[in-house]
Amino acid sequence: MRFWNAVKAAMSGVEDDGSYESPGGPEDCARLRREAFTVGADSLGLPPDWGGKPYGVIMETGAERGILTLAAFVTGDGSLYVSTGGGVIGRASHVHVVAQAKALVARAADHVDAFEDAAGFPSPPVGQTRFYLLTSDGIVTATEQTQMLAAGQSPLSPLFGTGQELLSEFFQLTA
């Protein structure tokens, strides 16, 4: 998949030079996280009849060292923020990130029924992963134990697995 995405990108004139930007510390990560929740379907150029399908996914995992926030949109935009101040701000030239961000949003459409309306946007506690799906009908959420997701013991495990693939693409940029 990585190879094919790279070939398609090269044919369209996109070149990933391997460079990336990082958020400027914990305050910047917190600001970028807040902004991710305010992205609207119209700002992504989606048609008015987009409906209740997800156009964005925010996946957050609570860990001892902080909260890992992964944001992905149907356009291929994606970013990674760490509450302690690190992360990667995705670019259109990160062809593998773009492909995986789109895949994560597409996968989310299969799981909308497992979500409930979000009353707020709290970060998950340590050991849990919280998903937020951005739709034209509002933001919905679901939370699961990270260990269960990783072990394939949750109906949301496929969504988590696709998120882990996107996370892996971000880690390859920083390696």
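The values are calculated or read from the model by the stated rules, or taken from the named source; none is laboratory data. Just so it is clear, the structure is predicted and the values come from calculations on it, not from any experiment. As a convention, Cβ positions derive from the backbone with ideal geometry for all residues, glycine included, and neighbour counts pool all protein chains shown.
Closer than 24 Å to Gly86 by Cα, within 15 Å of the chain's Cα centre (by Cα) and surrounded by fewer than 17 Cβ atoms within 10 Å (Cβ to Cβ), is that true of Phe160?
Spelling it out, it is not the case that Phe160 is closer than 24 Å to Gly86 by Cα, within 15 Å of the chain's Cα centre (by Cα) and surrounded by fewer than 17 Cβ atoms within 10 Å (Cβ to Cβ).
Looking at Ser123, Ser136, which is the one that is touching a strand residue (DSSP E or B) at 6+ places or on another chain (Cβ under 6 Å), among the hydroxyl-bearing types (Ser, Thr, Tyr) and surrounded by fewer than 21 Cβ atoms within 10 Å (Cβ to Cβ)?
Testing whether each residue is touching a strand residue (DSSP E or B) at 6+ places or on another chain (Cβ under 6 Å), among the hydroxyl-bearing types (Ser, Thr, Tyr) and surrounded by fewer than 21 Cβ atoms within 10 Å (Cβ to Cβ) leaves just Ser123.
Return a yes/no flag: does the stretch 130-152 have any residue that is out of contact with any Ser or Thr (no Cβ under 8 Å at 6 or more places or on another chain), part of a loop (DSSP other than H, G, I, E, B), modelled with pLDDT of 95 or more and not charged (D, E, K, R).
yes
Pull up the stretch 64-85, narrow it to residues that are out of contact with any helix residue (DSSP H, G or I) (no Cβ under 8 Å at 6 or more places or on another chain) and in a strand (DSSP E or B), then point me to the one that is surrounded by the most Cβ atoms within 10 Å (Cβ to Cβ).
Ile67
Cβ-Cβ distance below 7 Å, separation of 6 or more or different chains: which pairs start in the stretch 152-163 with a residue that is free of Cβ contacts under 8 Å to residues at least 24 places away in the same chain and end on one that is surrounded by 15 or more Cβ atoms within 10 Å (Cβ to Cβ)?
If the second residue must be surrounded by 15 or more Cβ atoms within 10 Å (Cβ to Cβ), the pairs left are Ser154/Glu144; Ser154/Met148; Ser157/Leu149.
Would you pick out the residues in the stretch 11-50 that are touching a strand residue (DSSP E or B) at 6+ places or on another chain (Cβ under 8 Å), surrounded by 12 or more Cβ atoms within 10 Å (Cβ to Cβ) and at pLDDT below 85?
Tyr20, Ser22, Pro23, Cys29, listed by residue number.
Do we have Val105 as among the hydrophobic types (A, V, I, L, M, F, W, C), surrounded by 15 or more Cβ atoms within 10 Å (Cβ to Cβ) and touching a residue at least 60 places away in the same chain (Cβ under 8 Å) here?
No: the conditions fail for Val105.
Considering each of Val112, Val140, Val105 in turn, give the residue that is within 14 Å of the chain's Cα centre (by Cα) and closer than 29 Å to Asp42 by Cα.
Within the list Val112, Val140, Val105, the selection yields Val105.
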